[in-house]
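Below is one structure, written out as structure tokens; comments come after it.
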Amino acid sequence: MKSFEYQQPASVEKALEFAAEGSRIKAGGTDLLGLMKNEIESPGTIVNLSGIEELKRIEERPNRGFSIGALASLADVTAHSGIRKRFPLLAQAAGSAASPQIRNVGTMGGNLCQRPRCWYFRGDFDCLRKGGDTCFAVDGKNKFHCVVGGSPCYIVHPSDTAVALLALNATLLIRDSKGQRPVPISQFFVLPEKDVTRETILKQGEILTAIQVPGPPPGNRSVFLKTSERGVFDFATLSVAIQADVRGNVFHSARVVLGGVAPIPWFEKNVSEALNGIALSNETAIRKASDQALKDAEPLEENGFKIKLARNLVYQAIMKLL
Ligand SMILES: Cc1cc2nc3c(=O)[nH]c(=O)nc-3n(C[C@H](O)[C@H](O)[C@H](O)COP(=O)(O)OP(=O)(O)OC[C@H]3O[C@@H](n4cnc5c(N)ncnc54)[C@H](O)[C@@H]3O)c2cc1C
Ligand code: SF4
């Protein structure tokens with residue numbers, strides 16, 4: 001690891017002063033330090049946010065939603081009684097990420113901004129995402145890569161909470177030296193076709209300060225399900241988050257999002273629309289709606305299994321809403 005300067009500001013204003021070219025924000029450090037050890041990132045300065053208390057708060061908002069500070073830990077979100085009650089999918093997603101030790105240190109902001117886990121990217125390969133001219137996954141080992149939205153880089157987005165937060169239609173608050181701006185989470189992540197070297201719209205000198213979850217709909221029901229190669233302590237092979245408004249046992253609306261299939265959390269427009277007006281008891285129609293998932297998928301050699309897995313996981317998740 002290369003040597004670096006270290007700053008531990010006590011306010012966001014001070015952090016913004018240090019967050020100049022060549023610096024990197026550190027929250028829990030569970031991803032950043034690995035990237036530095038592998039020399040994928042070699043910042044001249046680390047700006048450690050962990051002393052900024054205001055960024056750790058989780059507050060209920062007047063609309064019955066929540067404002068979650070970017071420095072709130074995954075463990076805090078998992079254990080928060082209000083979030084567990086009103087938005088169980090978010091508590092389930094945060095609680096399914098990594099191990100208890102990492103959840104105690106890893107933060108919500110860091111979870112959304114973590115870098116991909118593609119083994120070529122993390123290894124000693126000068127691939128497209130690192131400024132090279134080849135994606136080694138195309139003809140390489142690609143069982144865990146994406147099946148949709150990939151070209152020219154086939155990563156999957158690693159964050160579990162991002163999948164739940166997109167289902168919840170959350171808004172992210174971003175600060176820079178000029179002020180704060182809200183960004184819908186649907187506009188936060190970047191597809192490789194737009195810019196293959198970045199995963200989010202965050203620019204140097206910008207800090208994610210909070211996540212705002214809107215109030216629940218009248219017929220609020222939600223679920224998060226994840227499947228991974230190992231039973232514990234593993235990234236999602238596939239995940240699904242559903243936030244639904246169910247009235248009189250009929251889907252009034254639903255937001256279905258998949259993880260582990262695309263370089264960004266993947267909003268399943270087809271399934272979400274197909275569920276509208278379906279009765280929760282109509283298993284045939286629910287099966288048909290679930291089979292709309294990943295209609296435009298173009299799998300690589302080893303990951304075609306994700307399409308059937310996604311359709312079955314969506315069906316299972318909807319059944320859980322019952
Ligand atoms: C063994 C292992 C297993 C894991 N399994 C899972 C899993 O199953 N599911 C899952 O979702 N995740 C998993 N993770 C990832 C883990 O959840 C993340 O490492 C963690 O959430 C990152 O949070 P952090 O606070 O430590 O981020 P850091 O490491 O501090 O930062 C990560 C990145 O985000 C940037 N950043 C952090 N906070 C901000 C901010 N507020 N504003 C702007 N930029 C910021 C940093 O500059 C850095 O680039 C796993 C990690 C490990 C090591
Ligand atoms: S999938 Fe993306 S990160 Fe992985 S080797 Fe290809 S270009 Fe690199």
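The values are calculated or read from the model by the stated rules, or taken from the named source; none is laboratory data. On a predicted model such as this, the values are computed, not experimentally measured, just so you know. In this analysis, Cβ positions are derived from the backbone assuming ideal geometry, glycine residues included, and neighbour counts consider all displayed protein chains. Surface accessibility is based on the protein's heavy atoms, side chains included, excluding ligands, DNA and RNA. Shrake-Rupley method; radii C 1.70, N 1.55, O 1.52, S 1.80 Å.
For A98, the residues 5 or more places off, or on other chains, whose built amide H falls under 5 Å of its own are D234. Amide H to amide H, with H built 1.01 Å from N, V246 comes under 5 Å of G219, N220, R221, H252, counting only residues 5 or more places away or on other chains.
Solvent-accessible area per residue in region 220-321 equals 45 Å², computed with a 1.4 angstrom probe and all protein chains kept.
Of all DSSP beta bridges located in region 1-142, what percent are antiparallel, nearest 5? Could the numbers behind the result be given before it?
Values: 4 of 11 bridges.
Here the antiparallel bridges make up roughly 35 percent for region 1-142.
Calculated FRET efficiency, E302 to N249, Cβ-Cβ distance, R0 = 56 Å: about 0.85 to the nearest 0.05. Our compactness index for the chain, the C-alpha radius of gyration over the empirical 2.2 N^0.38 Å, is 0.98. Accessible area per residue was computed with a 1.4 Å probe on protein heavy atoms; W266 scores about 60 Å². In order along region 127-140, the Karplus-derived 3J(HN,Hα) couplings, from 6.51 cos²θ - 1.76 cosθ + 1.60 at θ = phi - 60°, round to 8, 3, 5, 9, x, x, 10, 9, 9, 6, 6, 4, 10, x Hz, and Gly and Pro are given as x.
Out of the GluC sites (Glu not before Pro) in region 171-206, which ones are loop residues according to DSSP with at most 13 other C-beta atoms within 10 Å?
On the way: sites: E193, E199, E206; in loops: E193, E199, E206.
Of the GluC sites (Glu not before Pro), the ones in loops of region 171-206 whose Cβ has at most 13 other Cβ atoms within 10 Å are E193.
Round to the nearest 10 and give me the degree value, 0 to 90, for the angle of helix 305-321's Cα axis relative to the longest principal axis of the chain. Taking the Cα atoms of the chain, the angle to 305-321 is about 70 degrees. Applied to region 103-118, the Karplus parametrisation 6.51 cos²θ - 1.76 cosθ + 1.60 on θ = phi - 60° returns per-residue 3J(HN,Hα) values of 5, 5, 9, x, 10, 5, x, x, 5, 6, 9, 4, 8, x, 9, 3 Hz, with x for Gly and Pro. Cα centroid separation, region 303-317 to region 1-52: 38 Å. Using the alpha-carbon centroid of each, what span in Å lies between region 84-160 and region 241-271? Between the Cα centres of region 84-160 and region 241-271 lies a distance of 20 Å. For the modelled label position 7 Å from the Cα of E21 along Cα-to-Cβ, which residues of region 188-217 have backbone nitrogen atoms closer than 20 Å? From region 188-217, the list is 197-198, 202-207. For L238, nonlocal amide neighbours, meaning residues 5 or more places apart or on other chains whose placed amide H falls under 5 Å from its own, are T227.
Per residue, the chain reaches -7500 deg cm²/dmol at 222 nm when only DSSP H runs of four or more residues are counted, each adding -39500 (n - 2.57). Listed values for region 93-102 are Karplus-derived 3J(HN,Hα) couplings in whole Hz (6.51 cos²θ - 1.76 cosθ + 1.60, θ = phi - 60°), namely 5, 4, x, 9, 7, 6, 10, x, 4, 5, and x replaces Gly and Pro. In this structure region 20-133 gives 44 Å² per residue of accessible area when probed at 1.4 Å with all protein chains present.
Computed from the Cβ-Cβ distance with R0 of 22 Å, the FRET efficiency linking L33 to Q8 stands at 0.90.
Got a number for carbon plus sulfur as a percent of the chain's accessible area, 1.4 Å probe? Walk me through the intermediate numbers first.
Values: 7040 of 14460 Å².
Taking all protein chains in place, the chain shows 49 percent carbon and sulfur surface.
Kirkwood hydrodynamic radius, computed over distinct alpha-carbon pairs, for region 220-321: how many Å, to one decimal?
This gives a value of 13.8 Å.
One decimal place: the segment I40-D234 gains 67.7 nm when fully extended, by the rule 0.36 nm per residue minus the C-alpha distance. Taking the full set of protein chains and a 1.4 angstrom probe, give the accessible area of E59 in square angstrom, rounded to the nearest 10. The accessible area comes out at roughly 90 Å². When peptides 126-134, 241-249 are sorted by average Cβ neighbour count within 10 Å, with the highest value leading, the order is 241-249, 126-134.
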